Amino acid sequence: MKKVTYRNQICKVLGVSFVFFLFFSVSLLAQDDASVSGGDAVKGKALFNQNCAACHSLTRKMTGPALEKVESRLSEDEGLDREWLYAWIKNSPGVIKSGDAYANKIYAEYNNAAMTAFPTLSNADIDNILAYTAAAPAAPVVPAAGAAVSAVSSQSSSISNNVILGALVFVFALLVVMLFLVNKTLKRIAKANGVELEQENAKKKLPIWKAFAQNQFLVLVTVILMMLGGAYFVYGYLMQVGVDQGYAPIQPIHYSHKVHAGDNKIECKYCHSSARVSKTSGIPALNVCMNCHKSIYEYKGNPEGPSAEDIANGYTNEFYTGEIKKLYAAVGWDEESQKYTGESKPVEWVRIHNLPDFAYFNHSQHVSVAGVECQTCHGPVEEMEVMEQFAPLTMGWCVNCHRETNVKVEGNAYYEKIHSELSKKYGVDKLTAAQMGGLECGKCHY
């Protein structure tokens, strides 16, 4: 048997390598465990958005200070540890009353407004939040490349379609020219061979217009049809006077009902609160907008980024953020100091729905009493990027609604007697608005 000289040395090297690999793996696992014990940034993000995002941002001052790397900054600048953060987050008023120097400094800096206490947050929850604030900011989603690729592909496809269409037009024109040349050549050949072509004797036939003019019945029928057609189009044109269905003016500040009512599920009557109790739905005051936009200073959009359609229309995250800045300029809000400057400017909104003065319409009667949904008259506003007049708002449209809509009388003592009497009169269990007097002229015209 042949002796292997270096077998033992090779085994020793492999053994040392294996031990080193195990040691390195254990150290990595220990580091991972340490990071886990330090908090879960993913869970921390959810807790941050749920409890902190209303007053704090990671990168900028809002109602409260910016919280990016807050733990390391407090440790380096103020010598405060995580235990101090536990006490501050769970009971900030208590820390202030204890006489803590930094707590009172922050309290005075932010106009003596104490931070909301979160006694229900555990130390583990706070660890997760601190891990999120300490984590490196995620790289922003850049959909422009994909959008550019799709735009380029769509552009190239449109170019290819134009090329194909141009080629077909050229081939068709070439065929027409060839047929014309073949016809001309055949005529020359026939003439050279003495062949006479049969031609219609045009002189013996009357022109069509003369034949038509001599037939009085056809002339009479044609005139009647033309008069009826003209009257129809004139009537249709006059009936559209004052009907602004589809009217979608450009507003001084772009407000997307699709983003607010659709994506964020904001109820219509939160902004148009007077629709419950007033004749008109009202224009929301800008202070209603600032209830949210004191904290929402930029539009981050969907996690997957704006769609190709939004990009094509210019509705990018930067566009919406710019509209928020217009809101700040109108109300006089200083982002840095988080205070109103007092220098406000009126916003000249363009009215979309406008009934004539002789027509009476009460929002509260329809919204609060009848329970009519806003979308019944205004259409799917939660899908509208630019608000438009959905319904024609004509008298016929209102009358049809009154004829088809049953009045909700359940639980309303006002309707008990009139409902019982009218039910006997019409022999029905449900009464429409028309049967309750909804077609009387004085109901809407006064």
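The values are calculated or read from the model by the stated rules, or taken from the named source; none is laboratory data. From a predicted model like this one, the values you see are computed outputs, not experimental measurements. Please note: Cβ atoms are built from the backbone with ideal geometry, for glycine as well, and neighbour counts cover all protein chains shown. Protein only, heavy atoms only, side chains kept; ligands, DNA and RNA dropped before computing areas. Shrake-Rupley method; radii C 1.70, N 1.55, O 1.52, S 1.80 Å.
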message: Restricting to region 280-297, give me the number of residues that are in a loop (DSSP other than H, G, I, E, B) and either free of Cβ contacts under 8 Å to residues at least 12 places away in the same chain or open to solvent by less than 40 Å² (accessible area, probe 1.4 Å) (or both).
response: 6
field: Failed criterion for Val277 (all others in (1) open to solvent by less than 90 Å² (accessible area, probe 1.4 Å); (2) touching a Ser or Thr at 6+ places or on another chain (Cβ under 7 Å) hold)
entry: (1)
field: Lone unmet requirement of (1) under 20 Å from Gln389 (Cα atoms); (2) among the β-branched types (Val, Ile, Thr); (3) touching a residue at least 24 places away in the same chain (Cβ under 8 Å) for Val241
entry: (3)
message: With the condition being touching a Leu at 6+ places or on another chain (Cβ under 8 Å) and surrounded by fewer than 17 Cβ atoms within 10 Å (Cβ to Cβ), I'd like the helices (runs of 4 or more DSSP H) fully within region 336-445 carrying at least 2 qualifying residues.
response: 395-404
message: Looking for something among the small types (Gly, Ala, Ser), assigned to a loop (DSSP other than H, G, I, E, B) and buried (at least 16 other Cβ atoms within 10 Å of the Cβ) - is there at least one such residue anywhere in region 304-321?
response: yes
- prompt: Of all residues in region 243-274, which are open to solvent by 70 Å² or more (accessible area, probe 1.4 Å) and part of a loop (DSSP other than H, G, I, E, B)?
  reply: Asp244, Gln245, Tyr247, Ile250, Tyr255, Asn264, Lys265, Glu267
query: Only one of (1) under 30 Å from Asp357 (Cβ atoms); (2) at pLDDT 95 or above is not met by Lys279, so which one is it?
result: (2)
message: Looking only at residues that are among the acidic types (Asp, Glu) and touching a Ser or Thr at 6+ places or on another chain (Cβ under 9 Å) in region 71-91, which one is farthest from Met115 (Cα to Cα)?
response: Asp81
